[in-house]
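Undergrad: Provided herewith is a single structure, encoded as structure tokens, for subsequent inquiry.
The values are calculated or read from the model by the stated rules, or taken from the named source; none is laboratory data. Just so you know, these numbers come straight off a predicted model, no measurement behind them. Cβ placement follows ideal geometry from the backbone for every residue including glycine, while neighbour counts extend to all protein chains displayed. When the accessible area is computed, the model is the full protein with side chains, heavy atoms only, and any ligands, DNA or RNA have been set aside. Shrake-Rupley method; radii C 1.70, N 1.55, O 1.52, S 1.80 Å.
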Amino acid sequence: MKRKQTTVDFFLGASGPNGFQGYFAQLAQQPSMRMYLIKAGPGCGKSSLMKRIGQTMQAQEYLHCSSDPDSLDGIVFHHPPMAMVDATAPHTLEPDYPGSSQQVVDLHHTLDNEYLSQHRPQVEALFAQNQLEQKQATEYLSCACKLLAASRKLILPLIDQSKLYTYLRRLAFHTLGRTSTGKEPVEQIRLLSAVTPKGHLCYYHTIPALSQRQIVFHDETGAVAGCILAQLRKAALELGYSIISCPCPLDPERLEHLFIPQLGLAFLTSNSWHPMHFDGQKNIHCQRFLTQPATLYKKKIRLHRKLSLQLVEQASMAQRKAKQTHDLLEEFYRTAADFKQVDDLGDALIDTMKAYAKQHK
């Protein structure tokens with residue numbers, strides 16, 4: 001995995017055990033962030049608009065839609081902090097400070113409402129069908145998550161807390177140091193992977209784009225790695241490092257990966273869901289922190305993994321059906337949309353954002 005690039009790809013939300021879990025509000029709350037919230041129906045050009053602006057102004061981050069990874073949910077600029085996101089369902093976002101730090105970009109005026117009204121039965125039926133198929137995906141994911149959680153529960157009592165704590169102190173000292181940076185830390189939340197219509201997708205190429213060093217925790221269940229990453233996150237923030245935390249999309253309370261861009265450092269979890277293989281990576285096998293070998297539960301863990309994989313595949317299949325339904329829905333809205341107006345609005349937005357960037361260098 002030697003691919004290197006200047007931009008990075010993430011998800012900002014994904015389907016999980018409780019439905020869609022997004023981190024759009026957290027992005028809006030980042031210090032000095034200027035937000036552009038796009039409001040429109042499906043197929044009205046939101047993603048194309050963001051791709052165009054991102055390419056024209058050289059966005060640093062591309063935030064992909066987990067329901068269609070070829071489509072965008074957002075773009076992010078770092079200097080100055082600006083972001084443009086799809087602020088419609090399921091990641092609805094309303095401005096807290098309209099005009100001050102957040103601007104609504106409404107595309108509804110570009111629609112031929114009379115045309116859509118004429119096709120109301122078909123449009124409403126497709127919306128309902130899409131919601132049903134997304135709900136089916138969530139139900140499969142919920143079952144898969146329970147199985148994976150059961151595997152973690154088998155391992156948690158086996159963790160040698162004293163040994164783990166001693167290791168964590170040493171690791172934090174060698175990687176983070178003990179001297180505060182004196183800066184106010186900022187935590188960004190992103191998802192490196194997600195269950196999508198294309199299956200379980202992980203943006204591996206983002207890792208070397210953000211880090212020169214990778215410390216990889218090999219942990220099939222994530223039980224030990226989750227404990228380690230939680231403590232490293234806490235230590236990094238206490239020392240004033242700005243971080244990128246990547247929760248597990250199937251268990252949002254548990255961290256899977258942690259980036260500290262200031263240090264060029266990434267702490268990663270590696271398992272059969274997202275194996276990590278980078279030149280020069282430091283490997284930590286989490287079995288060493290157990291009081292008894294995990295082989296005691298090998299058959300159960302293997303069964304849980306096999307069944308959860310089948311359930312995730314079913315969830316992905318349901319998402320593919322939902323995307324097909326969404327594509328049919330988009331045909332109505334593409335027919336109703338005046339893309340000349342969308343393009344004109346895009347031109348105006350580029351001018352506005354360039355002027356803002358110039359004023360806040």
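Undergrad: Once you charge only the Cβ atoms, +1 for Lys and Arg and -1 for Asp and Glu, what is the size of the charge dipole of the range 210-345 about its Cα centre, to the nearest 20 debye?
TA: Dipole magnitude for the range 210-345 comes out near 900 debye.
Undergrad: Let me ask something additional. Provide the per-residue ³J(HN,Hα) series for the range 44-50, in order, calculated from phi with Karplus coefficients 6.51, -1.76, 1.60 and θ = phi - 60°, each as a whole number of Hz, with x at glycine and proline positions.
TA: Values, residue by residue: 8, x, 4, 5, 4, 4, 5 Hz.
Undergrad: Let me ask something additional. What list of ³J(HN,Hα) values in whole Hz, one per residue of the range 284-297 in order, does the Karplus curve 6.51 cos²θ - 1.76 cosθ + 1.60 (θ = phi - 60°) give from phi, with Gly and Pro shown as x?
TA: Couplings: 10, 8, 6, 4, 5, 9, 9, 6, 9, x, 5, 4, 4, 10 Hz.
Undergrad: Please list, ordered by chain and number, the residues whose modelled amide H lies under 5 Å from the amide H of GLN102; skip anything fewer than 5 residues away on the same chain.
TA: HN-HN under 5 Å from GLN102: MET35, TYR97.
Undergrad: Would you rank LEU255, LEU303 by solvent-accessible area, highest first, keeping every protein chain in place and using a 1.4 Å probe?
TA: Of LEU255, LEU303, the descending order of accessible area is LEU303, LEU255.
Undergrad: Related question: If I take R0 = 56 Å and measure r between the Cβ atoms of LYS340 and THR179 in this structure, what FRET efficiency does the formula 1/(1 + (r/R0)^6) give, to the nearest 0.05?
TA: 0.50
Undergrad: Also, I was wondering about something else. Considering the dipole of the chain built from charges on the beta carbon (Lys and Arg +1, Asp and Glu -1) around the Cα centre, which of LEU349, SER142, ALA25 is farthest to its positive end?
TA: Farthest along the dipole direction, towards plus: SER142.
Undergrad: Once the dipole of the range 1-63 is set up with Lys and Arg at +1 and Asp and Glu at -1 on Cβ about the Cα centre, which of LEU37, TYR62, ALA14 lies farthest towards its positive end?
TA: TYR62
Undergrad: Solvent-accessible area per residue for the range 233-316 at a 1.4 Å probe radius, Å²?
TA: 48
Undergrad: Tell me the net charge near LEU237. Cut-off is 13 Å between Cβ atoms, LEU237 excluded, with +1 for each Lys or Arg and -1 for each Asp or Glu.
TA: 0
Undergrad: Excluding residues on the same chain fewer than 8 positions from LYS300, give the lysines whose Cα lies under 22 Å from its Cα.
TA: Within reach: LYS146, LYS153.
Undergrad: Please report the antiparallel percentage of the DSSP beta bridges confined to the chain, to the nearest 5.
TA: 50
Undergrad: Show which lysines lie in cross-link reach of LYS46 when reach means a straight Cα distance below 23 angstrom and same-chain residues fewer than eight apart are skipped.
TA: LYS198, LYS321, LYS323, LYS340, LYS354
Undergrad: Let me ask another. Please give the calculated 222 nm ellipticity per residue for the chain, where each DSSP H segment of at least 4 residues contributes -39500 (n - 2.57) and the sum is spread over every residue; nearest 500 deg cm²/dmol?
TA: Result for the chain, helices only: -14500 deg cm²/dmol.
Undergrad: Explain nothing, just the number: dipole magnitude of the chain about its Cα centre with +1 on each Lys and Arg Cβ and -1 on each Asp and Glu Cβ, in debye rounded to the nearest 20.
TA: The calculation lands at about 2060 debye.
Undergrad: Okay, next question. What part of the accessible area of the chain, given as a whole %, is carbon or sulfur when the probe is 1.4 angstrom?
TA: Within the chain, the accessible surface is 51 percent carbon and sulfur.
Undergrad: Any idea how far apart LYS354 and ASN113 come out in nm if each label point goes 7 Å out from Cα toward Cβ?
TA: Rounded to a tenth, the inter-label distance reads 3.4 nm.
Undergrad: Right, another one. Amide H neighbours of MET276 under 5 Å, counting only residues 5+ apart in sequence or on other chains, H built in-plane at 1.01 Å?
TA: Those lying under 5 Å, H to H, from MET276 are ASN271.
Undergrad: Using the heavy atoms of the protein chains alone and a 1.4 angstrom probe, what is the accessible area of the range 1-120 per residue in square angstrom?
TA: About 44 Å² of surface per residue is accessible.
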